[in-house]
Amino acid sequence: MGCPLSRDFRTLSLWHETTPDAWTPRPALPGDREADVAIVGAGFTGLWTALYLARADPSLRIAVLEAETAGFGASGRNGGWCSALFPSSLESLAKRSSRADALALHAAMRHSVDEVMEAAAAEDIDAHIAKGGTVSLARTDPQLARARSEVDHARRWGRGEDELRLLDAHEASAVLAGTHLRGATYTPDCAAIHPGRLVRGLADAVVRRGVALYEQTPATAIAPGRVVTRNGTVRAERVIRATEGYTRTLDGQRRRLVPVYSLIIATEPLPEAVWEQIGLRRRETFSDHRHLIIYGQRTADDRLVFGGRGAPYHFGSRIRPAYDRDEGVFALLHSALIDLFPVLRDVTVTHAWGGALGIARDWTASVGLDPTTGLGWAGGYVGDGVSTTNLAGRTLADLVLGRDTELTRLPWVGHHSRSWEPEPLRWLGINVGLHAMAWADREEARTGRESRIAKLVSPLIG
Ligand SMILES: Cc1cc2nc3c(=O)[nH]c(=O)nc-3n(C[C@H](O)[C@H](O)[C@H](O)COP(=O)(O)OP(=O)(O)OC[C@H]3O[C@@H](n4cnc5c(N)ncnc54)[C@H](O)[C@@H]3O)c2cc1C
């Protein structure tokens, strides 16, 4: 029997509300325990890691400790893009390793999209997955120039038309009929998913395989050989940190990853006549080439889910339930949506929510396990964690089992970013960067010329 609900998790997002699940937390840690592997955090990172470990060695004693309930964090709230995007450029990956290693990571990310689909099918999880690719619109001259240079960049890295291609305005509008279209880029490497269904399905799958999942059990500290919680200590040879945007809640980890909020709105289910005007027939995910990211998907029940950054970074890396909502940002998202698709002017927005994602100081995700301390981690995915967590989970499973594989040799393994600056520098730098990106987009929309501001400030935030 689960614990009494401390809050109604179903109100957190559209995904929480529409997952066929009561979101009743499983029992908390009942006291001191021993395990072979202890994982802190039951989002995609923690659950994929537990799943691949349990599959590889069913005799392992695996304990997952979750502060709230599985899927409470970004994994239950995101935009549902399961993409091959990795939050670091091929150039910077190659600088730290080699061109071949950077491309190997890119190939592993492409494969991860299919692996998520296969693993979901194998575990009997219906996550409403449709692999329609991503269309990124170009709606101004500077956006078109960025679209062209992205394709040129792909070609220089040997990535062909099958991975990324430029669409002219006519081809673009056949996929997604946004206003002011100049063209678009299209990649097939993305699937739209229902993240709530996936994360809850994964939690059930690991429990079925004998993993001990303790919910409503916040860890206060992790150290070699143990995880400390208010309910007791779990002793384990291997301890994995899978807390992403919430990492600052652990002792000594305050400046490792900053929590940055991304916010989302969702419409009521739209009639077929509206979708005939908009497109997304294959449930392609969509974006455009502006600086401050926007992202959208057509859900399996025909809603339009549309999100973006723009919420401020909160001083001291604070995370509060109140920060999940920002009426100003919701209004900006709504007007950006209407600007793209005026046919949606009178459509009702039924849901609006947000969540914290994690960003490392060098904006590079990483995964690793220190064999001397037994401490492992994965995170810093920025907004690209839906598939990257799967790669992290498979990699952590190999590292825990001491296997030397293609995955454990990828160039993000063992990477360490330096810590973020102390406050108030952190607050200043991140918020100046966010404001400048929004300003650059407004200026480009008004003048039709490329803004220099974004380039000037990008070293501050990326
Ligand atoms: C609004 C939004 C939209 C996004 N859209 C996309 C997208 O479309 N595509 C994409 O690829 N990525 C997207 N992302 C990013 C993606 O969701 C994340 O990168 C990914 O879900 C991270 O998974 P995780 O398991 O590492 O972290 P989380 O899902 O955040 O899980 C961490 C878990 O740890 C628990 N926890 C935290 N502290 C403790 C503690 N001290 N003790 C115990 N448990 C603890 C939390 O309660 C939480 O359940 C988005 C993120 C947000 C917020």
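The values are calculated or read from the model by the stated rules, or taken from the named source; none is laboratory data. Remember, predicted model here, so these are calculated numbers, not experimental data. Cβ atoms come from the backbone with ideal geometry, glycine included; neighbour counts cover every protein chain shown. Surface accessibility is based on the protein's heavy atoms, side chains included, excluding ligands, DNA and RNA. Shrake-Rupley method; radii C 1.70, N 1.55, O 1.52, S 1.80 Å.
Assorted remarks:
- All positions within the stretch 338-353 that are crowded, with 21+ Cβ neighbours inside 10 Å and within 21 Å of the chain's Cα centre (by Cα): Ala352, Trp353
- Yes/no for Pro224 being touching a residue at least 12 places away in the same chain (Cβ under 8 Å), out of contact with any Lys or Arg (no Cβ under 6 Å at 6 or more places or on another chain) and within 16 Å of the ligand (Cβ to nearest atom): no
- Selection count, the stretch 65-103, where residues are among the aliphatic types (A, V, I, L, M) and under 20 Å from the mean Cα position of the chain (by Cα): 7
- Single residue of Thr364, Thr285 found to be within 12 Å of the ligand (Cβ to nearest atom) and within 29 Å of Glu444 (Cα to Cα): Thr285
- Residue within the stretch 381-403 that is of a type in the set (Lys, Arg), closer than 17 Å to Asp362 by Cβ and open to solvent by 20 Å² or more (accessible area, probe 1.4 Å) present: no
- Flag for Leu407 being touching a strand residue (DSSP E or B) at 6+ places or on another chain (Cβ under 8 Å), over 22 Å from His194 (Cβ atoms) and open to solvent by 40 Å² or more (accessible area, probe 1.4 Å): no
- Members of the stretch 261-287 found to be among the aliphatic types (A, V, I, L, M) and either open to solvent by less than 30 Å² (accessible area, probe 1.4 Å) or in contact with an Asp or Glu (Cβ under 6 Å, 6 or more places away or on another chain) (or both), listed by number: Leu263, Ile264, Ile265, Ala266, Leu270, Val274, Ile278, Leu280
- Counting only strands (runs of 3 or more DSSP E) that sit completely within the stretch 211-297, those holding 2 or more residues that are among the basic types (Lys, Arg) and within 16 Å of Gly46 (Cα to Cα) correspond to 232-241.
Here's the yes/no breakdown for (1) without any contact (Cβ under 8 Å) to a residue 24 or more places away in the chain; (2) under 28 Å from Pro188 (Cβ atoms); (3) within 11 Å of the ligand (Cβ to nearest atom):
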position: Asp251; (1), (2), (3): no, no, yes
position: Thr267; (1), (2), (3): no, yes, no
position: Gly279; (1), (2), (3): no, yes, no
position: Thr299; (1), (2), (3): no, yes, no
position: Ile319; (1), (2), (3): no, no, yes
position: Ala322; (1), (2), (3): yes, no, no
position: His334; (1), (2), (3): no, no, no
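- Output for the stretch 230-247, where each listed residue is crowded, with 22+ Cβ neighbours inside 10 Å and either within 13 Å of the ligand (Cβ to nearest atom) or on the phi > 0 side of the Ramachandran plot (or both): Val234, Val239, Ile240, Arg241, Ala242, Thr243, Glu244, Gly245, Tyr246, Thr247
Residue-by-condition table, conditions (1) among the hydroxyl-bearing types (Ser, Thr, Tyr); (2) within 16 Å of the chain's Cα centre (by Cα); (3) modelled with pLDDT under 95:
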{"residue": "Gly376", "(1), (2), (3)": "no, no, no"}
{"residue": "Gly379", "(1), (2), (3)": "no, yes, no"}
{"residue": "Thr388", "(1), (2), (3)": "yes, yes, no"}
{"residue": "Gly433", "(1), (2), (3)": "no, no, yes"}
{"residue": "Thr447", "(1), (2), (3)": "yes, no, yes"}
{"residue": "Ala454", "(1), (2), (3)": "no, no, yes"}
{"residue": "Ile461", "(1), (2), (3)": "no, no, yes"}
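- Taken as a whole, the structure leaves Asp384 outside the set of residues that are modelled with pLDDT of 95 or more and more than 9 Å from the ligand (Cβ to nearest atom).
Residue-wise test of (1) under 30 Å from Val234 (Cα atoms); (2) under 18 Å from the mean Cα position of the chain (by Cα); (3) buried (at least 21 other Cβ atoms within 10 Å of the Cβ); (4) not basic (Lys, Arg).
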| site | (1), (2), (3), (4) |
| --- | --- |
| Asp114 | no, yes, no, yes |
| Glu118 | no, no, no, yes |
| Val151 | no, no, no, yes |
| Ala154 | no, no, no, yes |
| Glu161 | no, no, no, yes |
| Leu167 | no, no, yes, yes |
| Glu171 | no, no, no, yes |
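- A residue that is open to solvent by less than 10 Å² (accessible area, probe 1.4 Å) and near the ligand (Cβ under 7 Å from one of its atoms) occurs nowhere in the stretch 88-107.
- The lone criterion from (1) open to solvent by 10 Å² or more (accessible area, probe 1.4 Å); (2) on the phi < 0 side of the Ramachandran plot left unmet by Leu198 is number (1).
- Residues of the stretch 303-322 that turn out to be touching a Phe, Trp or Tyr at 6+ places or on another chain (Cβ under 7 Å) and open to solvent by 40 Å² or more (accessible area, probe 1.4 Å), as a count: 2
- Scanning the stretch 390-426 for residues that are at pLDDT below 95, charged (D, E, K, R) and not in a loop (DSSP other than H, G, I, E, B) yields one hit, Arg426.
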